[in-house]
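In what follows, a single structure is set out as structure tokens and then discussed.
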Ligand code: MLT
């Protein structure tokens, strides 16, 4: 028998969203007539905008003809998409990104999960708590986490940075040196954002400590307020210390289509075992070309259409739709006297569970009494205990219905 990778045995239970799906399925089996509203995993519900489907249809037609057929494409993405990304997401904000710094992929989940592979085994990893579980779990699989401490509900070697109501869900800088720092803004799950000055403090920390910030910006399109940075590279010097992850999943309805990109600046350096500088970009390129064969041509044509004038107008409508849902949930829950956060620059609403219920107890109550699926805050980490996340990605009808059902609960 082959020996397995022992690190995998340190993983706790099942992946959060699989666990939720499992409980949902069980409930439906036992209550086949229940009309479930899913506001758990952040999965979008509106169809793809027309500009995107049109571009994808004509890409399919191109593939049907030998003259315009495409086989393997560049692993890093076609120029037409990379250039559209640079123009649309960076140049327009005065940020200079070169084409060899952009890596198109099939999703930010994969990129934020895989990026840790190129760093040393003994890197100290810091995460916000609560946090998107992929950052932690992939470091557990890599053997960087140490053992799980059941009492603390935390891994021994991971540096957890609590985000809670006391610090306005903006964690303090690490007390000790962290090598890799995962930041997510607008934040999943709490929905909070940082100002430019606040983000600058992280960049300054990273510079002072030779750390690398892994900046997950999957929810950038939902930013509504001024003075909220759309990219970490708006902060001077950030290209020396940060990798940025962006996704089309929530922005343009690509959760099933799959396309995202990662920016690894050429200025970003790490050190080898002898202390020599190494370009992180070269290593990521090496990894990407070895393990990935590129996103399909059809998908990349669809993604590039996001940046056309029609595409921009249509995705703005999508985002507005979801942010109106966010306001409906936020205002509805507030009017019930609940403590509610997020939902202003992010499609997530983070609420304090009522009556002192723990996160999973509230999950069960909501599922059994209101037939609503949400996400228990503790699933994102110990600091999420006593909190709960609802997404704004449902249909308008279901969002309004969900608020009405919650209104009828005795909380
Ligand atoms: C979430 O619900 O946190 C996200 O949809 C999960 C993901 O993007 O993988």
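May I ask you to verify whether residue 376 is outside the structural domain of residue 89 (by TED's automatic domain parsing), modelled with pLDDT of 95 or more, crowded, with 23+ Cβ neighbours inside 10 Å and within 21 Å of residue 249 (Cβ to Cβ)? Answer is no for this residue. Looking across 106, 111, one residue alone is touching a residue at least 60 places away in the same chain (Cβ under 8 Å), assigned by TED's automatic domain parsing to the domain that holds residue 260 and crowded, with 22+ Cβ neighbours inside 10 Å. It is 111. Can you spot a residue in the range 160-171 that is in contact (Cβ under 8 Å) with a residue 60 or more places away in the chain and within 16 Å of the ligand (Cβ to nearest atom)? Yes: one or more hits.
Looking only at the range 81-89, decide whether some residue is surrounded by fewer than 14 Cβ atoms within 10 Å (Cβ to Cβ), in the same structural domain as residue 250 (by TED's automatic domain parsing) and either in contact with a strand residue (DSSP E or B) (Cβ under 7 Å, 6 or more places away or on another chain) or at pLDDT 95 or above (or both). Within the range 81-89 (the criterion being surrounded by fewer than 14 Cβ atoms within 10 Å (Cβ to Cβ), in the same structural domain as residue 250 (by TED's automatic domain parsing) and either in contact with a strand residue (DSSP E or B) (Cβ under 7 Å, 6 or more places away or on another chain) or at pLDDT 95 or above (or both)), the answer is yes, since at least one residue qualifies. Taken over the range 382-393, the residue count meeting the criterion of being farther than 22 Å from residue 335 by Cβ and more than 13 Å from the ligand (Cβ to nearest atom) is 3. If we scan the range 3-19, do we find a residue that is within 16 Å of the ligand (Cβ to nearest atom) and closer than 25 Å to residue 323 by Cβ? Yes; the residues of the range 3-19 include at least one that is within 16 Å of the ligand (Cβ to nearest atom) and closer than 25 Å to residue 323 by Cβ. The number of residues in the range 293-327 that are in contact with a strand residue (DSSP E or B) (Cβ under 7 Å, 6 or more places away or on another chain) and under 20 Å from residue 81 (Cβ atoms) comes to 2.
Residues in the range 160-175 that are within 15 Å of residue 380 (Cα to Cα) and surrounded by fewer than 19 Cβ atoms within 10 Å (Cβ to Cβ): 162, 164.
Residue 366: without any contact (Cβ under 8 Å) to a residue 40 or more places away in the chain and over 21 Å from the mean Cα position of the chain (by Cα), yes or no? So residue 366 does not fit the description; no. Listed conditions (1) more than 16 Å from the ligand (Cβ to nearest atom); (2) more than 26 Å from residue 180 (Cβ to Cβ); (3) surrounded by fewer than 20 Cβ atoms within 10 Å (Cβ to Cβ) are all met by residue 287, apart from (2). Go through the range 24-36 and count every residue that is touching a helix residue (DSSP H, G or I) at 6+ places or on another chain (Cβ under 7 Å) and either within 15 Å of the ligand (Cβ to nearest atom) or modelled with pLDDT under 95 (or both). The total comes to 0. In the range 37-52, of all residues being more than 16 Å from the ligand (Cβ to nearest atom) and surrounded by 15 or more Cβ atoms within 10 Å (Cβ to Cβ), the one that is nearest to the chain's Cα centre (by Cα) corresponds to 48. Just so you know, in the range 121-134 the residues that are in contact with a helix residue (DSSP H, G or I) (Cβ under 7 Å, 6 or more places away or on another chain) and not in a loop (DSSP other than H, G, I, E, B) include one that is nearest to residue 382 (Cα to Cα), and it is 129.
One residue stands out among those in the range 147-159 that are part of a loop (DSSP other than H, G, I, E, B) and without any contact (Cβ under 8 Å) to a residue 40 or more places away in the chain: the one that is surrounded by the most Cβ atoms within 10 Å (Cβ to Cβ), which is 158. The criterion of at least 1 residues that are assigned by TED's automatic domain parsing to the domain that holds residue 96, touching a helix residue (DSSP H, G or I) at 6+ places or on another chain (Cβ under 8 Å) and within 16 Å of the ligand (Cβ to nearest atom) is met, among strands (runs of 3 or more DSSP E) falling completely within the range 182-279, by 212-216, 242-247, 260-263. Could you tell me whether any residue of the range 404-411 is within 16 Å of the ligand (Cβ to nearest atom), in contact (Cβ under 8 Å) with a residue 60 or more places away in the chain and touching a helix residue (DSSP H, G or I) at 6+ places or on another chain (Cβ under 8 Å)? Within the range 404-411, not a single residue is within 16 Å of the ligand (Cβ to nearest atom), in contact (Cβ under 8 Å) with a residue 60 or more places away in the chain and touching a helix residue (DSSP H, G or I) at 6+ places or on another chain (Cβ under 8 Å). Among helices (runs of 4 or more DSSP H) entirely within the range 1-108, having at least 2 residues that are farther than 30 Å from residue 401 by Cα singles out 50-64, 79-85. Considering the range 335-378, and only residues there that are away from the ligand (no atom under 15 Å from the Cβ), out of contact with any helix residue (DSSP H, G or I) (no Cβ under 7 Å at 6 or more places or on another chain) and in a strand (DSSP E or B), the residue that is nearest to residue 18 (Cα to Cα) turns out to be 352. Do the conditions hold for residue 137, that is, is it out of contact with any helix residue (DSSP H, G or I) (no Cβ under 7 Å at 6 or more places or on another chain), surrounded by fewer than 21 Cβ atoms within 10 Å (Cβ to Cβ) and not in a loop (DSSP other than H, G, I, E, B)? Judged against the criteria, residue 137 is a match.
Being surrounded by 19 or more Cβ atoms within 10 Å (Cβ to Cβ) and in contact (Cβ under 8 Å) with a residue 24 or more places away in the chain: is that true of residue 297 here?
Yes, satisfied.
The values are calculated or read from the model by the stated rules, or taken from the named source; none is laboratory data. All values derive from a computational prediction rather than experimental measurement. Glycine also receives a Cβ, built like all others from the backbone with ideal geometry; neighbour counts cover every protein chain displayed.
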